Structures are given as C-alpha cells and as structure tokens.
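Enquirer: After the structure tokens below, expect a handful of questions from me.
The values are calculated or read from the model by the stated rules, or taken from the named source; none is laboratory data. Because the structure is a prediction, the values reported are computed rather than measured. Positions of Cβ are backbone-derived with ideal geometry, glycine not excepted, and every protein chain shown enters the neighbour counts.
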Amino acid sequence: MSKVLYVHAKGGPPVGHALARVAAKAAVHLLALSELPAGVADDAEKLCDSVLAPSDADRRDLVELITDHAREVGADAVLTFSEYAVVAVAEACRLLGLKGAGPAAALARDKRLMRATWDRHGIAQPRSHAVTSLSELEGAAAELSFPLLLKAAWSAGSTAHQIIERPQDARHAWRRSHEVMAESAQLGFAELHVRGASEDFIVEEIVTGCAEEWFDDLGWGDYVSVEGVVVDGVFRPVCLSGRMPTVAPFTERAGITPAAVASEAQHRVEELARRAVDALGLENCGTHTEIKLGADGRMWVIETAARFGGAMTVPQIEEVFGLDLVGMFTDQLLGGSPSWPAQALTLADAKGAAGSLVVLAVNGDGTPWSDRRLWDSAAVLRTAPVSAGSTLSVVGESSLPDGSPVPVYDPAAGANTMAGLCLLSADRPQDIVRDFTALVHALPHLLPAADTEGVRA
C-alpha cells in the first residue's frame, strides 16, 4: 500500500474531513505542526500508521524535518492543506523527487511576488505596492488613490487587514497590522517556513465591486472564488464558490457552493482565473483563486493559493457535486489519474447547495453586538431560523467549546475572532443566502448572555 506523509498545520479544510479521505487512499503518517482539534486526535491515532508532533526544538529547519521524516516512513507522497505549510512542503517534495506544487509555490503565497508576476502578464488586479516600512507605506500612499488596503504579504483569512482612508491613517494602520501579525503567530496562524514573513506587506487600491450585475438575487457579495487544481502544470477549474458580503474591512462571513452566476459570466471568470494560475507556473496542487466582480463586466484578481479553499469549501464541493477533492488529489500525487471535471461544474450540475457561516459578533449591517454572548451550539441548532427544507449543523473542530464567550470582533484580526462555524445544506444557493441572513440577525438573541464581569474582550 502506498504511503503518504500528511503535514498538518492551522487553516485549510477541517483536518478530520481531510485525514479520513487521505487514509482511504494510502497508509498515512501524520506530521502535526499544530495541535489537532479536540475530537480529532483519537481519530488520528486510529486512521494513521504514525503520528509525530515535533517540539519547537525540532523545527529549526522545517523542510529538513519534513524530508527526513518522509524518508524515515518511506513516503510516496507528501501533502498539506494548510496555507502556512505550502511553501515548506513544496520544497520538501522537490528535494525528495515527489510531485508537488513546485519551486513556484512561493508565488502563490507571497502577495508581493504574486502581484508582480501578474503585472508582468497584464492580468487585471488592484494597483498595489510592496512595503516593508512605514516610510515605504507613506511613499506608496502618495502614489496610489485612497482608500487603500494594507495587508500582510503572507497572511490568510483577512488577518491584519487595515483600511487607510487618508494619509494620516498610515501610521496607526502600520502599527496595528504588526500587532495583529504577532498575535496571530502566537495562535499558530503564521507562515511556518519563511523567516521574517511577518514584516512583509502590500498596500493596494480598493476596487469597487457590483454584485447586483452578476447575481439575479440580493444578498450576494461582490466576489467569487474559483476552486480548482493544477495537474502536471495544467490548470483544471472545478467550480465557483460565492460569498455573502464581507464584514469590514474584508473578513469573510459565508461561503456558498455553487455560486449562482450565469453560465456566460462563469466562463469569463474561469478564464481570468486560468490566466492568473497559469502565470504562476505551479505544478501539482489545489488552487483557490479570488476574483472581484465589478460593474460593466469588469473583474480583478485579488489573490490565489496553491491549496484548496479553507473552512468548509472542500466538504461543500463533495456534498453538492460528489467530488472528493482530497482523495482525488491524493491519487494524483501517487501517480494515479483521477477523473477531474472536463470543465468547471455549474449550477446545473449541482445537487442542491451548501454553505458555511463564520460566527462573528457583528450584526448584518456591520455593527457590533450590543452585549457579550456565550457560544452554545445546541442553542443554535435548536432555535436557528432556517427554512423547512434546510439542514443546519455546527462544525465542532472549527468552533469554540460550548460556554466560551463569543470574542469581540476585531476588524484587524479578521477570522481570528470567530466563535463558531455553521454548515447549511439546502435546495438552492439562494436558500443558503436567505437562511444565513436570518441566522446572522438571530444569533445575538438566541445565544445566552455572558456574565461580562471578568470576561476579557
């Protein structure tokens, strides 16, 4: 039986979901760079032939750690679904002579290199500048048009995003973004291989979206993501995922599969994603490419990643389209020929719809909750105002323990301040949008109140 070294770190699809599907294809040896979520550790012991959780002292050279362990267990493939381990695993695969994302993996991780590559290929994107100091930020701001968005070059999940409305806001934005990157690193949400990555930033112009020109119904956000895979250097789009409007500044609240755009519009989006991914020169990896939708058919590529979409994107695709992306990708790395879709799947190919909602202490209009609440998954499932034909569940490994105070939403920290993750199945994508809109409105009322004395915001 083939052997796979699975490198686990924060982010990506739920590790419980992914690990079971890799184990169905090969003998798994787990290298856990981050602590496994509660409830997953026992399953990992059953599913894996070995589990190694190295101490900090063992991680002086992550690529060396991965390659040494891969050789020790005789791995036929090495994979990860974490944004923070993508570059290290790609380099390890290259040294081992195994299939992987390839030497260009950093181009799909470092937003500075990504944007520079797309600029050389004439791909539509927001105007931006790489910055490594406050003086560089102030200089870039003088050349770009306000408002601007400052973002960490190696971040994920909208972490450390800061909107700069005017020149005098630059100093505060620079300080706050650095603070959040340091906090995120302590939580395990940071690049694991590249030294000094937390000091790298880009600042970009904020392009104006126009969701109503792309969707027939209300409630959709003004960008989509193209989920796909690169197979031996060839990009294969799988489907489009839609969004609800983000929470300021740009934190994702909900992802929905499939995105309910017309087929002609989907083809145009796919083509832009293809150009963006092809320009990076990736070899074998999942892809997740975000595209902003504007008025009069305009589009801009925001970013791409050399891994599958995070949160519940992968399970949603499996539910709606019947594609086990994790298992298929494992087959691909092991030399198989899985049946990737000949072209991206559409609304007409979907069997129902699925969506995931990040629980944040923010109302639908963007205002914070008026008081503190406790996370209570049972209360959500028991009283959530979802339609009769919809099925709601809570993703335990991506949620706080019941009874935990719901964190106060911090715009700079993004998804780091989430309390829970909900999964919804319905007949149509618009049913998901409607039910999630109602749930966002109801959450601060259906969750129990917290005793705010002694509760740290």
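Enquirer: Residues that are of a type outside the set (D, E, K, R) and within 23 Å of Pro429 (Cα to Cα): which strands (runs of 3 or more DSSP E) entirely in region 234-309 hold 3 or more of them? It would help to see each step written out before you state the result.
Expert: Values: elements: 234-243, 254-257, 285-293, 299-305.
Per the criteria, 234-243, 254-257, 285-293.
Enquirer: Let me ask you something else. Kindly indicate whether any position in region 119-138 is surrounded by fewer than 18 Cβ atoms within 10 Å (Cβ to Cβ), touching a helix residue (DSSP H, G or I) at 6+ places or on another chain (Cβ under 6 Å) and in a helix (DSSP H, G or I).
Expert: Yes, because at least one residue in region 119-138 is surrounded by fewer than 18 Cβ atoms within 10 Å (Cβ to Cβ), touching a helix residue (DSSP H, G or I) at 6+ places or on another chain (Cβ under 6 Å) and in a helix (DSSP H, G or I).
Enquirer: May I pose another question? Quick check on my filter: what residues within region 1-35 are farther than 13 Å from His69 by Cβ and more than 18 Å from the chain's Cα centre (by Cα)? Step through it out loud before you land on a result.
Expert: If we filter region 1-35 for residues that are farther than 13 Å from His69 by Cβ, which is where we start, we get 1-2, 9-27, 34-35.
Scanning region 1-35 gives Met1, Ser2, Ala20, Arg21, Val22, Ala23, Ala24, Lys25, Ala26, Ala27, Glu35.
Enquirer: Here are some conditions: (1) surrounded by 18 or more Cβ atoms within 10 Å (Cβ to Cβ); (2) closer than 21 Å to Glu252 by Cα. Leu374 meets all but one. Which one does it not meet?
Expert: Condition (2) is where Leu374 drops out.
Enquirer: Among the residues of region 375-388, write down those that are modelled with pLDDT of 95 or more, part of a loop (DSSP other than H, G, I, E, B) and out of contact with any helix residue (DSSP H, G or I) (no Cβ under 7 Å at 6 or more places or on another chain).
Expert: Trp375, Asp376
Enquirer: Now for a different question. Quickly run through region 331-374 and pick out the residues that are assigned to a loop (DSSP other than H, G, I, E, B), in contact (Cβ under 8 Å) with a residue 24 or more places away in the chain and closer than 22 Å to Met244 by Cα.
Expert: Of everything in region 331-374, those that are assigned to a loop (DSSP other than H, G, I, E, B), in contact (Cβ under 8 Å) with a residue 24 or more places away in the chain and closer than 22 Å to Met244 by Cα turn out to be Ala344, Leu345, Thr346, Ala350, Lys351, Gly352, Leu360, Ala361, Asn363, Gly364, Gly366, Trp369.
Enquirer: How many residues does region 181-240 contain that are free of Cβ contacts under 8 Å to residues at least 24 places away in the same chain and either touching a Gly at 6+ places or on another chain (Cβ under 8 Å) or of a type in the set (Asp, Glu) (or both)?
Expert: 1
Enquirer: Return yes or no: is Ser82 outside the structural domain of Ser198 (by TED's automatic domain parsing), of a type in the set (Gly, Ala, Ser) and buried (at least 22 other Cβ atoms within 10 Å of the Cβ)? Walk me through how you get there before you give the answer.
Expert: Details: outside the structural domain of Ser198 (by TED's automatic domain parsing): yes; of a type in the set (Gly, Ala, Ser): yes; buried (at least 22 other Cβ atoms within 10 Å of the Cβ): yes.
Against the criterion (outside the structural domain of Ser198 (by TED's automatic domain parsing), of a type in the set (Gly, Ala, Ser) and buried (at least 22 other Cβ atoms within 10 Å of the Cβ)), Ser82 qualifies.
Enquirer: Then there's this: Just one of (1) over 29 Å from Asn284 (Cβ atoms); (2) without any contact (Cβ under 8 Å) to a residue 60 or more places away in the chain; (3) in contact with a Pro (Cβ under 9 Å, 6 or more places away or on another chain) trips up Ala173, so point out which.
Expert: Of everything listed in (1) over 29 Å from Asn284 (Cβ atoms); (2) without any contact (Cβ under 8 Å) to a residue 60 or more places away in the chain; (3) in contact with a Pro (Cβ under 9 Å, 6 or more places away or on another chain), Ala173 misses just condition (3).
Enquirer: Could you check, for region 252-263, whether at least one of its residues is under 25 Å from Ala160 (Cβ atoms), crowded, with 19+ Cβ neighbours inside 10 Å and in contact with a Pro (Cβ under 8 Å, 6 or more places away or on another chain)? Full working, then the answer.
Expert: In the first step, residues of region 252-263 are kept if they are under 25 Å from Ala160 (Cβ atoms); the result is 252-255.
So of that shortlist, the ones also crowded, with 19+ Cβ neighbours inside 10 Å come out as 252-255.
Checking the rest, the ones that are also in contact with a Pro (Cβ under 8 Å, 6 or more places away or on another chain) come to 253.
Yes, that holds for at least one residue.
Enquirer: Any residue in region 448-455 that is assigned to a helix (DSSP H, G or I), in contact (Cβ under 8 Å) with a residue 60 or more places away in the chain and among the small types (Gly, Ala, Ser)?
Expert: First, pick out the residues of region 448-455 that are assigned to a helix (DSSP H, G or I): none.
No, the conditions are met nowhere in region 448-455.
Enquirer: Still on this structure, please answer the following. Quick one: which residue in Ala38, Ala20 is surrounded by fewer than 24 Cβ atoms within 10 Å (Cβ to Cβ) and part of a loop (DSSP other than H, G, I, E, B)?
Expert: Values: Ala20 fails: part of a loop (DSSP other than H, G, I, E, B).
Residue meeting the stated conditions: Ala38.
Enquirer: When Pro54 is evaluated against the numbered criteria (1) in contact with a strand residue (DSSP E or B) (Cβ under 9 Å, 6 or more places away or on another chain); (2) at pLDDT 95 or above, which criterion, by number, is the only one it fails?
Expert: (2)
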